[in-house]
Amino acid sequence: MSNITLTIIKPDAVAKAHTGKIIDHITSAGFKVRAMKMIFLSEREAGAFYDVHRERPFFGDLVRFMTSGPVVPMILEKENAVADFRTLIGATNPANAAEGTIRKLYAESIEANAIHGSDSDENALREAGFFFSELERF
Ligand code: GDP
């Protein structure tokens, strides 16, 4: 089992100045930040990141949303990182997210849902490599 997960604070949360509060929420829950940057994804990059959803009806909207402003990807480390982080962020649709979760607190909609969290150890490694080189990890 890997102890890392990859998160992205999405454009809606960055635009609303929630970045600092979300990072505090994450580190207060015991996650260590091993890599972090602010970037503005191109359509090609956002499409590549969400390649698994390419055939979904919402793919075009998702790429437009993820390229609507800067995002803050981070590699996080903690025991059982992937599962614990999914619990911390809550359900994809904030209407279904548990009280106190990051999406319940900061998300607007099923699309503009404030934050990403890897859904498996395998994807966490792939997504960490997508955003960060070895030189950018600490
Ligand atoms: P996650 O693992 O909880 O992020 O959810 P998914 O992997 O299923 O979806 C990836 C992202 O696509 C979500 O976080 C949302 O930003 C977006 N998304 C998911 N479902 C929908 C939908 O039905 N409509 C739209 N517009 N966006 C969606």
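The values are calculated or read from the model by the stated rules, or taken from the named source; none is laboratory data. Bear in mind the structure is a predicted one, so any value in this text is a computation, not a measurement. Cβ placement follows ideal geometry from the backbone for every residue including glycine, while neighbour counts extend to all protein chains displayed.
Reported count of residues in the stretch 34-75, each being part of a loop (DSSP other than H, G, I, E, B), within 13 Å of the ligand (Cβ to nearest atom) and basic (Lys, Arg), is 2.
In the stretch 23-33 there is no residue matching the filter, namely being of a type in the set (A, V, I, L, M), in a strand (DSSP E or B) and surrounded by 18 or more Cβ atoms within 10 Å (Cβ to Cβ).
Among residues of the stretch 41-59 that are under 14 Å from Lys10 (Cα atoms), those with a Cβ under 6 angstrom from a residue that is at pLDDT 95 or above and near the ligand (Cβ under 9 Å from one of its atoms), sequence gap 6+ or separate chain, pair up as Leu41/Met66; Ala46/Met66; Tyr50/Leu62.
On the stretch given as the stretch 76-93, residues that are more than 8 Å from the ligand (Cβ to nearest atom) and under 14 Å from Ala112 (Cα atoms) total 1.
Note down all Cβ pairs under 6 Å where the first residue falls in the stretch 109-138 and is more than 27 Å from Ala15 (Cβ to Cβ), the second is in a helix (DSSP H, G or I) and at pLDDT 95 or above, and they're at least six residues apart or on different chains. Matching pairs, first to second residue: Asp121/Val82. Screening the candidates Ser2, Ser28 for the property of being hydroxyl-bearing (Ser, Thr, Tyr) and at pLDDT below 95 yields one hit, Ser2. Across the stretch 88-105, the number of residues qualifying as under 13 Å from the mean Cα position of the chain (by Cα) and not in a loop (DSSP other than H, G, I, E, B) comes to 4.
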